[in-house]
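Coordinate-derived values only; no laboratory data. Keep in mind the model is a prediction, meaning the values are calculated, not measured.
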Amino acid sequence: MAAKRARKQRTGFDELNDKLDRVIDVISDMATKDDIARLDAKFERKFNGVMNAIDGLTKAVSDLTLEYAAVKMQLSRHEERIRLLEERAGVKLPS
């Protein structure tokens, strides 16, 4: 009977040991504060890089929009001058 209880107790210890091994495996896979701080710093650098790229694109689009408006205005002025020259010369140019 003592042998049976010793085997049962040993089985209980083995089961407890297995459970503790699984807990240790889970804990060892968890991130530490240092891991999270490194990830946060890495994310911050990448995020800043993306934001700088977006800022550059935004400025380029803004510059192109302004240039497009200036070219459009210049084209309108040229078209008006051509229309006035057509009137004064009495000529109608094809569109």
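P(r) for region 39-95, please, calculated from all Cα pair distances in 5 Å bins and given in %.
4, 16, 11, 11, 9, 8, 9, 6, 7, 5, 4, 4, 3, 2, 1, 0
Angle, helix 2-29 long axis vs. longest principal axis of the chain, Cα atoms, 0 to 90°, nearest 10?
Long axis of 2-29 versus the principal axis of the chain: about 20 degrees.
Please express the shape of the chain as an equivalent ellipsoid: the semi-axes are the square roots of 5 times the eigenvalues of the C-alpha gyration tensor, given largest first in whole angstrom. Write down the numbers at each step before the final one.
Values: eigenvalues 1480, 50, 4 Å².
Output for the chain: semi-axes of 86, 16, 5 Å.
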